[in-house]
Amino acid sequence: MSDTIKALTEAVRGRVITASDPDYDDARAVYNAMHDRRPRAVIRCMGSADVMAAVAAGREGGLDLAILGGGHSVPGFGTVDDGLVIDLSTMNNVRVDPQKKVARVGGGATWGDVDHATYPFGLAAPGGIISTTGVGGLTLGGGIGYLTRGVGLSIDNLLSADVVLADGRQVTASDYQNEDLFWALRGGGGNFGVVTSFEFQLHEVGDVVGGPLFYDFDDATAVLECYRSYINEAPEQLGCFFGWQIAPPLPFIPEDRVGDLFCVLVTCWNGPHEEAEQVLRPLRDVAEVQAEQVEVMPFPALNSAFDGLVPRAMQHYWKADFATELTDEAIAAHIEHGKKTPHVSSSMHLHPINGAAQRVGADETAFGHRDKSFAPVIVGIWPDPADNEANIRWVRDYYAAIHPHSGSEGGYINFMSGDDDHRAAENYGANYERLAAVKAAYDPDNLFYVNQNIAPAKGR
């Protein structure tokens, strides 16, 4: 055992897991099985003190640091070869103050942890669409999901964050403390430190009316044209994204249609239940619905409904953009490549980012694309590494076809793959220079670089 690892073992209360431990392979694994990395140690932190010790060990030992929350990072940012993995997964406590409608969330919590804690109070924080996703990674990149149109991005509902910095200190960032750091955390990714806890504003979300509407692929043009116009004018309590879906064997899918490719609208109505039928009527009328599971359900049930399509140990390769509008040419490109969707877990999702998300100024947070209307992501997920070349080609060809119609060079950082690091400046948008200055102030040596990296501004 090296001196660094020995010292860490003595300094922390959590486990320090190395290759000599029987659960090392489980501890180092992340969702994207393409990233089979072998860290020198995985530090399963019990609290901020352990995180501070791990950061100090990495800094003083010259070791790369990876931050592991939910482990969903497509580029595998939650693991690293021959470095230290700061595993926050046991720091997943969620404390709800129902009177103030505020939740304090541990840095290693998943959105399922948050939903479980907030739902009994009829409350929720805006997260994504998969409950196993880590709160930290999704939030720091922006946070697009079912509730975006109604209450904004996850970062728009972040009240404060406790952050362990590169120098080993923990500070609190908010509108009143370390304001420049707080600004940067809201969209700047994991560049500025390890967030050990988040404080979120909660909203009244209990049982929603939601679920998927399945249409024949041949109706995709009409469905996309309807979606394009309606999602801009629909009440903001409606969350809805478009996608492709090879039908899995589920009870609401006719047996003779299992395995067929459909286009899907996944809905989430967080308004009065009696108004749902009227709100969803334009989406039902655009084409014949072939299968559906739209019903009253707990919000946590909707937020976990697609977890089964994203199990551990799959191969992942994604590409993404922001889109100012959904042009006819873009629709044609989506259909041309969508019909080649290769696997039941693969898709293209078209997420709306209008409504409340657009009422925050582009310079109020680090999320610099407030003028964009959609966040398309081509999601390649499949089980067999032997199919990597063909599936990666599908994602790349699809992206090459839609990108010229996006009206944007940047994309949502949470949807990026490892070979998108050259897009960092465009992905952070007009705020990149300010982000680089904040990076220079809080992490001048770029200790936290295992992310979509922002280089510290020079001369600071």
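Here, each number is a calculation from the coordinates, and none is a lab measurement. Bear in mind that the values here come from a model prediction, so they are computed numbers and not experimental data. No Cβ is skipped: glycine too gets one built from the backbone with ideal geometry, and neighbour counts run over all protein chains shown.
Overview of values
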read-out: Listed candidates [x] 136; [y] 188; [z] 150 - label of the one calculated as volume of the Cα convex hull per residue in Å³; value: [x]
read-out: Cβ charges +1 (Lys, Arg) and -1 (Asp, Glu), total dipole of the stretch 342-431, debye; value: 320 debye
read-out: The stretch 323-329 - phi-based ³J(HN,Hα) in whole Hz, Karplus 6.51/-1.76/1.60, Gly and Pro as x; value: 10, 5, 8, 9, 7, 4, 5
read-out: Contact order normalised by residue count of the chain, Cα under 8 Å, 6+ apart, percent; value: 16 percent
read-out: Radius of gyration and Dmax over the Cα atoms of the stretch 1-140, both given in Å; value: 15.9, 50
read-out: Rule-of-thumb Rg ratio for the stretch 151-215 [Cα; 2.2 N^0.38 Å; N residues]; value: 1.46
read-out: Across Lys101/Lys372; Lys100/Lys372; Lys101/Lys439; Lys372/Lys439, pairs whose alpha-carbon gap is larger than 27 Å; value: Lys101/Lys372; Lys100/Lys372; Lys101/Lys439
read-out: Calculated FRET value between Thr90 and Asn453, using beta carbons and R₀ = 22 Å, to 0.05; value: 0.25
read-out: Extension gain from Ala11 to Ala49, taking 0.36 nm per residue of separation minus the Cα-Cα distance; value: 12.8 nm
read-out: Compactness relative to 2.2 N^0.38 Å, alpha carbon Rg of the stretch 339-435; value: 1.20
read-out: Other-chain or far-sequence residues with amide H under 5 Å of Met314's (modelled H); value: Ala33
read-out: Residues with amide H under 5 Å from that of Val102, placed H, sequence gap 5 or more; value: Asp97, Leu202
read-out: FRET E, pair Glu274, Asp421, Förster distance 45 Å, beta-carbon r, rounded to 0.05; value: 0.40
read-out: Cα-centre dipole for the stretch 1-80 with unit charges at Cβ (Lys and Arg positive, Asp and Glu negative), debye to 20; value: 100 debye
read-out: The chain - mean residue ellipticity at 222 nm from DSSP helices (-39,500 (n - 2.57) per run, n ≥ 4, rounded to 500); value: -7500 deg cm²/dmol
read-out: Residue-by-residue Karplus 3J(HN,Hα) for the stretch 159-173, coefficients 6.51, -1.76, 1.60, Hz, glycine and proline x; value: 9, 6, 8, 8, 10, 8, 8, 4, 7, x, 7, 9, 10, 9, 10
read-out: Förster-model FRET efficiency, 30 Å R0, Asp180 and Arg312, C-beta, rounded to 0.05; value: 0.20
read-out: Summed side-chain charge close to Glu288 - residues other than Glu288 whose Cβ falls under 12 Å, Lys, Arg +1, Asp, Glu -1; value: -4
read-out: 15 Å beta-carbon shell around Pro248, net charge (K/R +1, D/E -1); value: -4
read-out: Residue (of Gly76, Val105, Leu185) at the positive-pole extreme of the stretch 45-197, dipole from beta-carbon charges; value: Val105
